[in-house]
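Q: Submitted below is the structure of interest, expressed as structure tokens.
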Amino acid sequence: MNAIIGKPVGRVDGRLKVTGGARYAADFQRANLAYGYCLQSSITKGRILSIDTQAAEAVPGVLGVLTYKNAPRLKKPEQSETVQDSKVSESNLLPLQDENIYYDGQHVAVVIADTFERARDTANLVKVVYTEEKPVFEIEQAINEAIPAKQSFGRKMQVKRGEPEEAFNGAEKKSDQTYTTTVYHHNPMEPHATIAEWNGEKLTLYDATQWVQGTQKAVAKLLDIPIKNVRVISHFVGGGFGCKGFLWAHPVLAAMAAKKVGRPVKIVLSRQQMFTSNGHRGRTLQQVALGANGEGKLTSVRHLTTTQTSMVEDFAEPCGMSTRLIYASPNLEMAHKLVRLNTGTPCPTRAPGEAPGTYAMEAAMDELAYQLRIDPIQLRLLNYAEVNPHDGKQWSSKNLKECYQRGAEAIGWQERKPEPGLTKEGEFLVGYGMATATYPCNRSPASARVQIFSDGHAVAASCTQDIGTGTYTIMTQIAAEALGLPVEKVEFKLGDSDLPNAPVSGGSQTAASVGSAVQAAALEAKAKIIELAIGDKKSPLSQKTKESIEVENGRLFVKDEPGRGETYAQILARNRVPKIEAECTTKVSTRETEKGEEGEKKQDSEEDKTGGCWAASSDEEIERKPYSFHSFGAQFAKVLVDPMIGKVRVVKFASVMDIGTVLNTKMAENQIRGGIIFGLGMALMEHTVFDPVRGRIVTRDLANYHVPVNADVPPIEVQFINKPDLRVSPIGARGAGEIGITGAVAAIANAVFHATGKRIRELPITPDKLI
């Protein structure tokens, strides 16, 4: 049998990318293309008193200017809390619908012209007069008006078990501190971009999106047109990290502009514009109070988060979600409060909730370990959760103890001296830190179609997305192995709303969700050809049983008689069948919701019914209700700190992850490394700065918003447990995209404390805070 899953296969789309053949949203060439440029507000709160477009409209080559005075009226959507429904990022602030300004950088006009340069330059001629009001842009300014957060994608944001306050008050050992994270921006390499083209009543969008069909649904709702009249194409996405998962204003503005001028319109946002109009990770203030007995067993855990949202939408960074289940404690409280600010709306950012939440929780665990004078790893083993403490369910799979052991060996933990500030290498202080990583194993319903052609090649397809993670490649591997074909004989298609349904590329769910559907459809297609051969008297496989036949390199043969067989191409050609096709839908969800749907099969809808698929049915029959689905890992960092100037350098990082089956070792390692580099940025440098008077963002580009570059990144050793979790799916894989950032921030922060003896509880850890 072809053993392809797990191999470090190079990117099947790699040649296209390095030769310029990969077309991203802004790369599509359309006839008679016009260009839109978004003019943004220069105030943080207030109203437009007047907007004069006459000078702009008089410029030769300018085709029109859209403002709230002449823009089409949009239909307000009904927002849903489920991840199966499309999400409009700011449902209470639809673009160009009125004169109110709620934040710096809000879109106030679109100039449409025959060239990009003309549209951009002419935007300076649009004269906007505002009446300005005093904005609120820091949590502390309105903390007394904080409101309880409601839900995060269907999960409760306020949880209490036992008597956490009473248990904390009676605890022998206590740690009660507040940890602060700043505002972070996603900064994918590819900017947000959309080309909109109308053909009668039909609209085609070429969009940079993490959810092709979500964008399709959301745009159709806002424009109040049938979903079937909207087609979205997104073959390549140059990174998203969450900011391309919701629908922002620019795709709708492009559609409105194209309708106005009667020709295709392209809108590409600048890096500066993306800082204000495409989301961010909200700032958090997290109080973590831990109570333990004298040995270190937790008796109370309280994780209370205050975070920010905008004036026009609710989005809460769910920092406490992982705290509910990461360690065993009989008494726990998790709470989230929201403060409304005059900023753009936050949105999911790589590992939303878990990234800042594990920082606070794991830093608190480190503080408790030092107070107890025990090894930080030992404290975590003392409080190891053998079952999910939140719901009492068994883990579908958990190998965290092995992660701790292997990670400690990789980083050289045995060299660590228990007392902080005592180890030096030359002039530098040396520190070691560690933390637990965790992220939910999400899986949602998905569909796929597989076709085997008479020349022996196959095409698999699903309306998923490749946001740079390697989806093209791993889906090709899954299909190739299931079909018994070499990778070179399989093509995978994605990024087109006309293809079978697929969920958002968020929540690290694409591999488990779409991969399961691709495997099911491939097995179904293979079974159809086997049946064709068995029923063909001219076939050497005639009258054999299905169970007796295997496929390798496109050739079907009898297991006990390897010489007896023939190829896919021979079977189809002899029977004059141009292709065999199968389409399958898997309806499994492992997502936790307030309704308790974790591990349940979703009910059929009309769009899901595909005529039956034995592989999908077998997948759905797996008993999942008794289990909780999460991935775990261990993060270890070694740092050097210059005591004279406070400069921190991470010199080594080790990460051991338990993510089920590793579908492609090369790409999985890249995903974990990328997450760790994100964590390095969060810990040491990334910081969105606001003007303290007007509330406008000051760090609006990559010259001022610092992200790690090659010189900042240490050697990173990534290991995997690589044990299949067959309760998740037949392929046994859990997502790798986001768990890499969880725990990474805390491991670095804890290493800095071990080096210096100074506990910095406000990120980023910059030299001025250490000197």
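The values are calculated or read from the model by the stated rules, or taken from the named source; none is laboratory data. Given the structure is predicted, the values throughout are model-derived calculations rather than measurements. Reconstructed Cβ throughout: ideal geometry from the backbone, glycine too, with neighbour counts over all protein chains shown. The protein model used for the area step is the full one, side chains on, heavy atoms only, and it has no ligands, DNA or RNA in it. Shrake-Rupley method; radii C 1.70, N 1.55, O 1.52, S 1.80 Å.
Q: So for Val651, Val62, what's the accessible-area order with a 1.4 Å probe, most first?
A: Numbers: Val651 45, Val62 20 Å².
Ranked list, largest accessible area first: Val651, Val62.
Q: Report, in cubic angstrom per residue, the convex hull volume of the C-alpha atoms of segment 645-705.
A: Output value, Cα hull per residue: 152 Å³.
Q: Still on this structure, I have one more. Taking the Cα centre of the chain as origin and charging only Cβ (+1 Lys, Arg; -1 Asp, Glu), how large is the dipole, in debye to the nearest 20?
A: Numbers: 92 positive and 90 negative charges, 168 e Å.
Here the chain has a charge dipole of around 800 debye.
Q: Just to be sure I understand the model, the point goes 7 Å from the Cα along the line to the Cβ. What's the resulting Lys538 to Asn70 distance in nm?
A: Between Lys538 and Asn70, the simple spin-label model gives 6.8 nm.
Q: Could you grab the relative contact order for segment 157-288? Cα pairs under 8 Å, six or more apart, rounded to a whole percent. Show your work: numbers first, answer last.
A: Details: 201 pairs, mean separation 49.8, N = 132.
Dividing the mean separation by the residue count of segment 157-288 yields 38 percent.
Q: Further question on the same structure: Express the carbon and sulfur contribution to the solvent-accessible surface of the chain as a percent, rounded to the nearest whole number, probe 1.4 angstrom. Spell out each step's value before the answer.
A: Working: 14140 of 28850 Å².
Answer for the chain: carbon and sulfur cover 49 percent of the accessible area.
Q: On to the next question. Of Ala364, Thr53, Phe629, which is farthest along the charge dipole of the chain in the positive direction, counting Lys and Arg as +1 and Asp and Glu as -1 at C-beta?
A: Ranked along the dipole, the leading option is Thr53.
Q: Tell me the relative contact order for the chain as a rounded percent, counting alpha carbon contacts under 8 Å between residues six or more apart.
A: Details: 2002 pairs, mean separation 124.3, N = 771.
Once normalised by length, the contact order is 16 percent.
Q: Right, another one. Heavy-atom accessible area per residue, segment 649-757, 1.4 Å probe: how many Å²?
A: Numbers: 3490 Å² over 109 residues.
Spelled out: the 1.4 Å probe surface of segment 649-757, per residue, equals 32 Å².
Q: Would you mind computing the Rg to Rh ratio of segment 136-223 from its alpha-carbon coordinates, Kirkwood style for Rh? Write down the numbers at each step before the final one.
A: Working: Rg = 22.7 Å, Rh = 19.2 Å.
On the Cα set of segment 136-223, Rg over Rh gives 1.18.
Q: Rank Val728, Pro77, Val65 by how far each Cα sits towards the positive end of the charge dipole of the chain (+1 on Lys, Arg Cβ; -1 on Asp, Glu Cβ) and give me just the farthest.
A: It is Val65.
Q: Return the loop-located GluC sites (Glu not before Pro) in segment 128-190 (DSSP other than H, G, I, E, B) with at most 13 other Cβ atoms within 10 Å of their own Cβ; answer none if there are none. Please report the intermediate quantities before stating the final value.
A: Values: sites: Glu132, Glu133, Glu138, Glu140, Glu145, Glu165, Glu166, Glu172; in loops: Glu133, Glu138, Glu172.
Taking segment 128-190 and a limit of 13 other Cβ atoms within 10 Å, the loop GluC sites (Glu not before Pro) found are Glu133, Glu172.
Q: Now a separate question. In 5 Å bins starting at 0, how do the alpha-carbon pair distances of segment 263-323 split up by percent?
A: 4, 13, 15, 14, 13, 10, 9, 7, 5, 4, 3, 2, 1, 0, 0
Q: Mean residue ellipticity at 222 nm from the helices of the chain, using -39,500 (n - 2.57) per DSSP H segment of n ≥ 4 over the full residue count, to the nearest 500 deg cm²/dmol? Could the numbers behind the result be given before it?
A: Values: 18 runs with 186 residues, N = 771.
It comes out at -7000 deg cm²/dmol, rounded to the nearest 500.
Q: Of the listed values (i) 115, 68, 63; (ii) 162, 98, 48; (iii) 82, 74, 50, grab the one calculated as Cα extents along the principal axes in Å from the structure here.
A: Entry (iii).
Q: Just to check I understand the Karplus step: with θ = phi - 60° and J = 6.51 cos²θ - 1.76 cosθ + 1.60, what whole-Hz values come out for segment 369-385, glycine and proline as x?
A: Values per residue, Gly and Pro as x: 4, 5, 5, 7, 6, 10, 4, x, 5, 4, 4, 5, 5, 4, 10, 4, 8 Hz.
Q: Within the set Lys297/Lys337; Lys17/Lys526; Lys160/Lys393, which residue pairs have Cα atoms separated by over 26 Å?
A: Working: Lys297/Lys337 28 Å; Lys17/Lys526 31 Å; Lys160/Lys393 17 Å.
Beyond 26 Å: Lys297/Lys337; Lys17/Lys526.
Q: Using the Cα gyration tensor of segment 31-111, with a ≥ b ≥ c the square roots of its eigenvalues, what is the shape: rounded (a/c below 1.5), prolate (a/b larger than b/c) or oblate (neither)? Could you put the intermediate results ahead of the total?
A: Values: a/c = 2.46, a/b = 1.48, b/c = 1.67.
It is oblate, given that a/c is not under 1.5 and a/b is not larger than b/c.
Q: To the nearest µm²/s, what D does Stokes-Einstein give for segment 45-161 at 37 °C and 0.692 mPa s, using the Kirkwood radius over alpha carbon pairs as Rh? Could the numbers behind the result be given before it?
A: On the way: Rh = 17.5 Å.
Answer, rounded: 187 µm²/s.
Q: Would you mind getting the accessible area per residue of segment 507-565, heavy atoms of the protein chains only, 1.4 Å probe, in Å²?
A: On the way: 2510 Å² over 59 residues.
Per-residue value: 42 Å².
Q: Choose one of Leu572, Ala668, Val656: the residue whose Cα lies farthest towards the positive end of the charge dipole of the chain (beta-carbon charges +1 Lys, Arg; -1 Asp, Glu; about the Cα centre).
A: Final value for the positive-end residue is Leu572.
Q: Please give the length that would be gained between Asp768 and Val651 if that part of the chain were fully extended, namely 0.36 nm times their separation in residues minus their C-alpha to C-alpha distance (nm, one decimal). Provide the component values of the computation, followed by the final result.
A: On the way: separation 117, 0.36 × 117 = 42.12 nm, distance 2.05 nm.
Full-extension gain reported as 40.1 nm.
Q: Per residue, how many Å² of accessible area does segment 284-395 show with a 1.4 Å probe?
A: On the way: 2630 Å² over 112 residues.
So segment 284-395 comes to 24 Å² accessible per residue, rounded to a whole number.
Q: Quickly rank 725-737, 259-271 as a protection proxy: mean count of other C-beta atoms within 10 Å, highest first.
A: On the way: 725-737: 24.8, 259-271: 20.2.
Ranking, from highest mean packing down: 725-737, 259-271.
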